[in-house]
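A short worksheet on the structure shown next.
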Amino acid sequence: MMSEFWLISAPGDKTNLQAWERMNAVTSKSNLSSNSRFHIPDLKVGTLDALVGLSDELGKLDSFAESVIKKIAQYIGEVIEDSKDKVQENLLANGGRKDKMKCLKIDLISYLTRFEWDMAKYPIKQPLKNISEALSKQVTQIETDLKTRSTAYNNIKGNLQSLEKKTVGNLLTRTLADIVHKEDFVLNSEYLITLLVVVPKSSYVQWQKTYESLSDMVVPRSTKMIAEDAEGGLFTVTLFRKVMDDFKAKARENKFMVREFYFDEKELKCEKEELMKLASDKKQQYGPLLRWLKVNFSEAFVAWIHVKALRVFVESVLRYGLPVNFQAMLLQPNRKSVKRLRDVLNVVFKHLDEVAAASIMDPGMDIPGLQLSNQEYYPYVYFKIDLSLLDSS
């Protein structure tokens, strides 16, 4: 089965069963889709003009809400730094039912296929525009909070990664805060200074033989290796300050690289403390942030599906007229049967709009005004719900 669902509606009879039973019989028998009825409560219709205006607003809100839940889903992946399967486990919806005073969290497909309108959050006695505005305000606030929280966390994470990058790499570039010690250096001397030199592994013997003679005034037997990586070793050497530039030049000629480093205990301590503080801050923010993301993903997802329900209601009233009498249905197409399913639905519901049905059977037909806004148009009301919320990359 696909993660894509088709939310459709057709005019009902007195019991609303006829449209459902016909559609379900022909699609289930051929294993074209898995179907369920989609329950929409008795909402206030309002005026036709209001419905036409609301139809356009709901289309924009639908796209906006979908973009917000995708942002949250993607960001959960960035925060937990794990596989898609692990991220998917965190993408749940509030089932709306209470169990010992706790809201059940269910997977997205279960929420969708068992959809129940949240009467407490979106009272149905108010005008449709009010419900739409409440949904829009809720999703907008979630997006605003997401930006604020993600910026704060990303700053900490980015600064931490920058410092952590300095602790890796070769001895020429990496930080030495966790390598050098006070005892390795001659400090507070007016005349002497200790330098750090990176020597290739193949040149260890040459270094030991020549370092004392690279310039005048090098302290004999003052070198020792204090660190090593795959490419070479980090050696100390002590000499008089006044020959430092000459020593550096001669060392460079022999492929010995002097690092620009001067021991400052306070600075090294600050660097270590900053690394520890950022790591601690990231750890402290991780739990509350992930909880917020999971809760607000659920809130945004629930709001999105309510927007879909509103769209089906509004479009069904505009398409099928009053009194309100239609059946909303949710289909999960079989991956291999998408085209066949569309053809079967066209046959079942072609009587609702013969012109639209004819254009689907013959895509080459040019029917003025039919492809409004380039939207997919069928004899029945149709909206797609795609639960693939994570990037395929």
Failed criterion for residue 182 (all others in (1) in contact with a Phe, Trp or Tyr (Cβ under 8 Å, 6 or more places away or on another chain); (2) within 30 Å of residue 243 (Cα to Cα); (3) without any contact (Cβ under 8 Å) to a residue 60 or more places away in the chain hold) | (3)
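In the range 265-283, which residues are among the charged types (D, E, K, R) and touching a helix residue (DSSP H, G or I) at 6+ places or on another chain (Cβ under 9 Å)?
If the condition is that a residue be among the charged types (D, E, K, R) and touching a helix residue (DSSP H, G or I) at 6+ places or on another chain (Cβ under 9 Å), then 265, 271, 274, 281, 282 are the ones that fit.
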Checked the range 188-224 for anything loosely packed, with under 14 Cβ neighbours inside 10 Å and in a strand (DSSP E or B); matches are 224
Could you figure out which of (1) surrounded by 18 or more Cβ atoms within 10 Å (Cβ to Cβ); (2) at pLDDT 95 or above; (3) not acidic (Asp, Glu); (4) not in a loop (DSSP other than H, G, I, E, B) isn't true of residue 63?
-> (1)
Screening 259, 291, 311, 252 for residues that are within 30 Å of residue 49 (Cβ to Cβ) and of a type in the set (D, E, K, R) leaves only 311
In this structure, is residue 312 within 30 Å of residue 18 (Cβ to Cβ), assigned by TED's automatic domain parsing to the domain that holds residue 109 and touching a helix residue (DSSP H, G or I) at 6+ places or on another chain (Cβ under 9 Å)?
-> no
Would you be able to tell me the number of residues in the range 45-84 that are under 10 Å from the mean Cα position of the chain (by Cα) and free of Cβ contacts under 8 Å to residues at least 24 places away in the same chain?
-> 1
Go over the candidates 378, 382 one by one and state the one that is part of a strand (DSSP E or B), modelled with pLDDT of 70 or more and hydroxyl-bearing (Ser, Thr, Tyr).
-> 382
Working carefully through the options 148, 173, find the one that is in a loop (DSSP other than H, G, I, E, B), among the polar types (S, T, N, Q) and either within 30 Å of residue 220 (Cα to Cα) or out of contact with any helix residue (DSSP H, G or I) (no Cβ under 9 Å at 6 or more places or on another chain) (or both).
-> 173
Among the residues of the range 284-309, which ones are of a type in the set (S, T, N, Q) and either touching a helix residue (DSSP H, G or I) at 6+ places or on another chain (Cβ under 7 Å) or within 15 Å of residue 136 (Cβ to Cβ) (or both)?
-> 285, 296
Just wondering, is there one or more residues in the range 265-287 that are out of contact with any Cys (no Cβ under 7 Å at 6 or more places or on another chain), under 26 Å from residue 187 (Cα atoms), at pLDDT 95 or above and part of a helix (DSSP H, G or I)?
-> no
Options 222, 298: the member that is at pLDDT 95 or above and closer than 30 Å to residue 76 by Cα = 298
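Residue-wise test of (1) over 22 Å from residue 310 (Cα atoms); (2) loosely packed, with under 15 Cβ neighbours inside 10 Å.
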residue	(1), (2)
2	yes, no
12	no, no
29	yes, yes
39	no, yes
45	no, no
52	no, yes
70	no, no
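Filter the range 21-68 down to the residues that are hydroxyl-bearing (Ser, Thr, Tyr) and more than 22 Å from residue 320 (Cα to Cα) and list them by number.
27, 28, 30, 33, 34, 63, 67, listed by residue number.
The values are calculated or read from the model by the stated rules, or taken from the named source; none is laboratory data. These numbers were taken from a predicted model, which means no experiment stands behind them. Note that each Cβ is placed from the backbone with ideal geometry, even for glycine, and that neighbours are counted across all protein chains shown.
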